[in-house]
There are 2 protein chains.
Amino acid sequence: MTLKFAILGLLAEKPMSGFDLVGEFSTARSVIWPAPQNEVYKILRALLAEGAIKVAERGARGRVVYAITPDGQKALVAWLGEPSDYTMRYEPMLKAVFMRQAPPTLRRKIAKADLDFAHSQLAALRKADTEHKRAGNRDNRQDARRLVILFYEAIEKWAKETVE
Amino acid sequence: MTLKFAILGLLAEKPMSGFDLVGEFSTARSVIWPAPQNEVYKILRALLAEGAIKVAERGARGRVVYAITPDGQKALVAWLGEPSDYTMRYEPMLKAVFMRQAPPTLRRKIAKADLDFAHSQLAALRKADTEHKRAGNRDNRQDARRLVILFYEAIEKWAKETVE
DNA sequence: ATATCACATGTGACTTCTCACATGTTAAGG
DNA sequence: CCTTAACATGTGAGAAGTCACATGTGATAT
């Protein structure tokens, strides 16, 4: 059900088509909550059926742009207000739990990979940050970007300690 | 498939029954990778079928204790060596992305809840840390605990900034 | 013109996950 | 003894997520 609200949240920011949404989930943002192309269209149909979104525009090549409805807005805020599920699924963290089962060389290799990934993400996030500031348009994602930056800095710190 | 290795990893630390494993996944550790009771038994049957684990002991009330086999050890290390999937599923982080869709009061409420949760987790983790140090037995989980502590400290920092 | 590629959505089979319920066994207390 | 609670595993239905493939359309470059 969480993915449903991820899609609804994106549509609350601006109207988009299924194709656009697939793009959102397959790039930088996919890191926070992944979604196969398939699911996106399925959920759009469901959201449409329950009246949370509506067809805003029909374009070329069968393109359908959806926009959030007032009902959808309400549903999104209601979800935000509900107590969160604090369980996490993050493979690198699970691997850390069992790392000691592997020889030191492998442990260092794993930490190195995590470090590289954290660096690439941090670079992208910081670039997005400065670009948003330069553009000066209001930025709905600043809270999240801050959180994700802190998150990868934590990974970075851990990985550095572990590589040594 | 990740859950399979979570179970295999736990059995690599010490032999356990399905019931024991269910307990592992429903307390502190569940926070890293959740598993319904149901799945645990199903995966145990699968692991047994592929020879990654074996029956180590049969106890009262139908209790079956499983232990990892050399093949299982190999499979675990092979999994550790594979490139990680860096996609994350963590609802609080997703909510942060769409937070600005909610009024400031609600935003503060969400951040407060995250802060409280981070605090409770940090307290538990630090307690486990000092206990392990006092006991002095070798600690397979120290890397992971360090990572999780850094993670919750990041959450804590973000939540504090956001509550203000 | 027409070939090619990016755009755009869809279907079906399969695995994993979740929820709810069902069943039998031993330990422990009154 | 006998009830109760914790121990221990299991089944089945349905939702959500994954993988691979299929289909059609419009832009653009040769």
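The values are calculated or read from the model by the stated rules, or taken from the named source; none is laboratory data. What you see is a predicted model; the values in this text were computed from it and never measured. Note: ideal-geometry Cβ built from the backbone for every residue, glycine included; neighbour counts use all protein chains shown.
Residues that are more than 15 Å from DNA strand D (Cβ to nearest atom) and crowded, with 16+ Cβ neighbours inside 10 Å number at least 2 in the following helices (runs of 4 or more DSSP H) confined to region A:1-69: A:2-13. Of note, A:Asp114 does not satisfy the criterion of being without any contact (Cβ under 8 Å) to a residue 40 or more places away in the chain and among the acidic types (Asp, Glu).
Is it the case that B:Leu80 is farther than 18 Å from A:Ala154 by Cβ and within 16 Å of the chain's Cα centre (by Cα)? Yes, satisfied. Within region A:80-127, the set of residues being among the aromatic types (Phe, Trp, Tyr) and closer than 25 Å to B:Ser26 by Cβ comprises A:Tyr86, A:Tyr90, A:Phe98. Is it the case that A:Ala60 is touching a residue at least 40 places away in the same chain (Cβ under 8 Å) and more than 8 Å from every other protein chain (Cβ to nearest Cβ)? Against the criterion (touching a residue at least 40 places away in the same chain (Cβ under 8 Å) and more than 8 Å from every other protein chain (Cβ to nearest Cβ)), A:Ala60 does not qualify. If I filter region B:65-74 for residues that are within 13 Å of DNA strand C (Cβ to nearest atom), more than 28 Å from A:Lys112 (Cβ to Cβ) and touching a strand residue (DSSP E or B) at 6+ places or on another chain (Cβ under 7 Å), do I get at least one hit? No: region B:65-74 contains no residue that is within 13 Å of DNA strand C (Cβ to nearest atom), more than 28 Å from A:Lys112 (Cβ to Cβ) and touching a strand residue (DSSP E or B) at 6+ places or on another chain (Cβ under 7 Å).
Among the criteria (1) modelled with pLDDT under 95; (2) within 16 Å of DNA strand C (Cβ to nearest atom); (3) surrounded by 15 or more Cβ atoms within 10 Å (Cβ to Cβ), the one B:Arg100 does not fulfil is (2).
Scanning region B:118-145 for residues that are modelled with pLDDT of 90 or more and in contact with an Asp or Glu (Cβ under 9 Å, 6 or more places away or on another chain) yields a count of 4. Among the residues of region A:82-103, none qualifies, meaning not one is part of a helix (DSSP H, G or I) and more than 8 Å from chain B (Cβ to nearest Cβ).
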